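Enquirer: I have a structure here, written as structure tokens, and I will follow up with some questions on it.
The values are calculated or read from the model by the stated rules, or taken from the named source; none is laboratory data. What you see is a predicted model, and the numbers here were worked out from it, not measured in a lab. Glycine gets a Cβ as well: all are built from the backbone with ideal geometry, and neighbour counts include every protein chain shown.
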Amino acid sequence: MKHNFRIFAVLFFAAIVSGIVPQAIALDEDQDQDYQRARKLLTEENFVEAMNILKELERENPDDFRVQLAIIDTNVDHARMLKGNNDPSWKAKVYTAFNDLKAIYRAHQSSPEVYLSFAKCYALNDRFQKARKSLKKAFFYNPGSADGLIVQGDIYFDRAKQMAENVFDKDAEQEGYRAKRFAIKSYEDAMNSGGLNPETKAMISYKLGDLYNHFRQKDKAREYWTKAAQADSEGYWIKKSQDRLTFLN
């Protein structure tokens, strides 16, 4: 019996070292507050400050999965913004995020958040079919999640914009139209998923307004930015929607 226990202990320790079994190291109360603050900054697109906090948490808790994933999300979301601004530095950030994902994937193969991050990386690298497969895996483990639907909306919105650039390609035009419709549906499904706080609702309304504005549907853009601006709260996306309404008017 003791011999079997020793074998089990050795195998379990080896699994931890190899990354098959994650080490459960919880953040303390102060660290958790810092983590929540970093997540809020990430949602508000303050990538530099979010990363500064997360890197300090990583130094103190190198094996914490939430911190690892938040660092990945910060890099990939920052990369998306940089790519949208035609800044070539986006490539280094998305490659860093992808390599970090591969490092933690083995220990978290049933995590929907991991697959959402993979989907974002693939989409940024124009590997759309890979992104779709990763989204499918994310929804398999967490069906109908608002976070997943928002990411799906972002990916299909970017796809619609990309296809719209092929002005003389009828197939691309049709794919772009389908991607646009699916992005709208994804955002609307996220909005209707329930349990969202006012700031998240404002963010989704802002994204819908941004989509309609990009495709020159100004009245629909105004409708959704107005919804966001009138949310019963104060925050980044509400202020951003108010600014866009001022510009639109």
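Enquirer: As an exercise: evaluate N166 against (1) in a helix (DSSP H, G or I); (2) without any contact (Cβ under 8 Å) to a residue 24 or more places away in the chain and give the number of the one condition it does not meet.
Expert: Checking N166 against (1) in a helix (DSSP H, G or I); (2) without any contact (Cβ under 8 Å) to a residue 24 or more places away in the chain, the one that fails is (1).
Enquirer: Output yes when any residue across the range 142-163 is outside any helix (DSSP H, G or I), free of Cβ contacts under 8 Å to residues at least 60 places away in the same chain and within 13 Å of the chain's Cα centre (by Cα), and no when none is. Outline the logic, then answer.
Expert: Looking only at the range 142-163, we keep the residues that are outside any helix (DSSP H, G or I), and these are 142-145.
Filter once more, so that each one left must be free of Cβ contacts under 8 Å to residues at least 60 places away in the same chain: 142-145.
Next, from what is left, pick out any that are within 13 Å of the chain's Cα centre (by Cα): 145.
Yes, because at least one residue in the range 142-163 is outside any helix (DSSP H, G or I), free of Cβ contacts under 8 Å to residues at least 60 places away in the same chain and within 13 Å of the chain's Cα centre (by Cα).
Enquirer: Can you tell me which of (1) within 18 Å of S193 (Cβ to Cβ); (2) surrounded by fewer than 15 Cβ atoms within 10 Å (Cβ to Cβ); (3) in contact with a Gly (Cβ under 6 Å, 6 or more places away or on another chain); (4) not hydroxyl-bearing (S, T, Y) is the one R106 doesn't meet?
Expert: (1)
Enquirer: Quick check: is even one residue across the range 49-62 touching a Pro at 6+ places or on another chain (Cβ under 7 Å), buried (at least 18 other Cβ atoms within 10 Å of the Cβ) and on the phi < 0 side of the Ramachandran plot? Give the steps one after another, and end with the answer.
Expert: As a first pass, look at the range 49-62 and keep what is touching a Pro at 6+ places or on another chain (Cβ under 7 Å): none.
No, because not a single residue in the range 49-62 is touching a Pro at 6+ places or on another chain (Cβ under 7 Å), buried (at least 18 other Cβ atoms within 10 Å of the Cβ) and on the phi < 0 side of the Ramachandran plot.
Enquirer: Another question, then. Looking at the range 159-170, is at least one residue surrounded by fewer than 20 Cβ atoms within 10 Å (Cβ to Cβ), in contact with a Phe, Trp or Tyr (Cβ under 7 Å, 6 or more places away or on another chain) and at pLDDT 95 or above?
Expert: No, the range 159-170 contains no residue that is surrounded by fewer than 20 Cβ atoms within 10 Å (Cβ to Cβ), in contact with a Phe, Trp or Tyr (Cβ under 7 Å, 6 or more places away or on another chain) and at pLDDT 95 or above.
Enquirer: For the condition of a type in the set (D, E, K, R), closer than 28 Å to D34 by Cα and either modelled with pLDDT of 95 or more or buried (at least 19 other Cβ atoms within 10 Å of the Cβ) (or both), what is the one hit in D147, D87?
Expert: Result: D147 is the single residue among D147, D87 that is of a type in the set (D, E, K, R), closer than 28 Å to D34 by Cα and either modelled with pLDDT of 95 or more or buried (at least 19 other Cβ atoms within 10 Å of the Cβ) (or both).
Enquirer: Here's something else I'd like to know. Suppose we filter the range 185-219 for residues that are more than 25 Å from G144 (Cβ to Cβ) and either over 21 Å from the mean Cα position of the chain (by Cα) or of a type in the set (G, A, S) (or both); how many remain?
Expert: Summing the residues that are more than 25 Å from G144 (Cβ to Cβ) and either over 21 Å from the mean Cα position of the chain (by Cα) or of a type in the set (G, A, S) (or both) in the range 185-219 gives 6.
Enquirer: Which pairs do you get when a residue that is within 16 Å of K102 (Cα to Cα), found in the range 115-141, comes within reach of a residue that is polar (S, T, N, Q) and assigned to a helix (DSSP H, G or I), reach meaning Cβ atoms under 7 angstrom, with the pair 6+ apart or on two chains?
Expert: Cβ pairs passing all conditions: Y115/S134; F118/S134; A119/S134; Y122/S134.
Enquirer: From A179, A231, A202, grab the single residue that is touching a Pro at 6+ places or on another chain (Cβ under 7 Å), free of Cβ contacts under 8 Å to residues at least 60 places away in the same chain and surrounded by 15 or more Cβ atoms within 10 Å (Cβ to Cβ).
Expert: A231
Enquirer: When you check K227 against the structure, is it farther than 24 Å from N46 by Cα and in contact with a Leu (Cβ under 9 Å, 6 or more places away or on another chain), yes or no?
Expert: Criteria not met by K227.
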